[in-house]
Amino acid sequence: MHSSTRFRQWAPLLACLIIHITHSTPAGEAILGRRRTPERGAVNVVSYNVQSFPSTLQWAIYVPNADRIEHIATTKVMQSPQLDVVVLQEAFAKSTVKRLANDLSLMGFSHVVKPARHPFKLTGGVMIASRSMLIRESSLTFQTCCGLDCFAAKGIVFVETRIDGKSVGIIGTHLQANDPLCASFSSTAYEAAREVRRDQLRQIRQFVDREENARLDVMIVAGDLNVNGYAEAASDQETEEWNEMMQALQAAPMTRTKHRTTLDHSMDPATNSYMARTGDTKHEHLDYVLSLRLPGRSAPPNATTLRVHRARHPITNADLSDHHPVHGRVPL
């Protein structure tokens, strides 16, 4: 049989096979071939609140996980060739943790720390994925909470790794949210939630000050800190809390830098279709990557820079979470 005739016979089957492989390939495999170009002298960290509860709860009050979580790993911010570490929050759903861990591993973030399970509560929801090997890891559950946050085992996830020859500690966390259920006869909801955050920040700083962390070169905290750092839209109380947080953490100054494709702040219904559906109208910046002073060091760490990005569905262009992801650059 002539080769061209044989090809015409097999062409339909070959086309079907190609389509099947293309559509069944996990998200991470689509970028396995992307060249990594690490930045010398800096750690690049993405923090993203992916807002994913177990399916029943997610379906009841939020945008479903389906056709959303599977696209997170292939967003532009996650594909940055300079990216070293990814810190995720609100990864409460077991299926979400499994999917993101698999996709990030395929992308080269082969060292993943998943949220620790709790017998009676939701997990803390924090995941950390690193390209470089983990030397040490630990976790801590906060001692205080209020409102609905008490149904989750919120706290910190810590990893130590080496990047560009330096020992780097990374804390992933998600602090107390402002919740009407936090209100009491003696304090407003905001005042009560702020007091809980104040105590949680104290617990983070106590962790940083442990003796075993003194040998690190850099300590980073990344996550949804639920403190509004968007000065243009913050109340006097919120501005005061922002300053208090930076002092409590002993954090280096942070600058949000703008680019033609970046945004001003991480929560904004005007730029986030997912958040707009909730009816919230407030503009806030709640998500951070900060460099903290190490124990026994008198010199403050170098200032960090932060960019706010969009993470959108490849077909519908809808935002994938109610938060925008942030990309922080921390000098070594």
**Complete set of residues in the stretch 111-147 that are touching a residue at least 60 places away in the same chain (Cβ under 8 Å), of a type in the set (A, V, I, L, M) and assigned to a loop (DSSP other than H, G, I, E, B)** = VAL126
**Prompt:** Would it be correct to say that THR173 is assigned to a loop (DSSP other than H, G, I, E, B), in contact with a helix residue (DSSP H, G or I) (Cβ under 7 Å, 6 or more places away or on another chain), of a type outside the set (Phe, Trp, Tyr) and surrounded by 15 or more Cβ atoms within 10 Å (Cβ to Cβ)?
**Reply:** no
**Message:** Can you list residue pairs whose Cβ atoms sit under 7 Å apart, with the first residue in the stretch 193-216 being among the basic types (Lys, Arg) and crowded, with 22+ Cβ neighbours inside 10 Å and the second being modelled with pLDDT of 95 or more and not in a helix (DSSP H, G or I)? Count only pairs 6 or more apart in sequence or on different chains.
**Reply:** ARG197/LEU175; ARG197/GLN176; ARG197/ASN226; ARG197/VAL227
**Request:** Can you give me the number of residues within the stretch 141-166 that are within 21 Å of the chain's Cα centre (by Cα), buried (at least 18 other Cβ atoms within 10 Å of the Cβ) and of a type outside the set (D, E, K, R)?
**Result:** 11
**Message:** What are the pairs with Cβ atoms under 9 angstrom where one residue, in the stretch 295-322, is free of Cβ contacts under 8 Å to residues at least 24 places away in the same chain and part of a strand (DSSP E or B) and the other, located anywhere, is crowded, with 17+ Cβ neighbours inside 10 Å and hydrophobic (A, V, I, L, M, F, W, C)? Sequence gap at least six, or different chains.
**Reply:** none
**Prompt:** Among GLU191, GLU137, GLU160, which is among the charged types (D, E, K, R) and under 19 Å from SER291 (Cβ atoms)?
**Reply:** GLU160
**Item:** Subset of the stretch 40-73 that is closer than 30 Å to PRO331 by Cα and among the hydroxyl-bearing types (Ser, Thr, Tyr) - its residue that is surrounded by the fewest Cβ atoms within 10 Å (Cβ to Cβ)
**Value:** SER47
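The values are calculated or read from the model by the stated rules, or taken from the named source; none is laboratory data. Just so you know, these numbers come straight off a predicted model, no measurement behind them. When we count neighbours, we look across all protein chains shown, and the Cβ atoms used for this are built from the backbone with ideal geometry, even at glycine.
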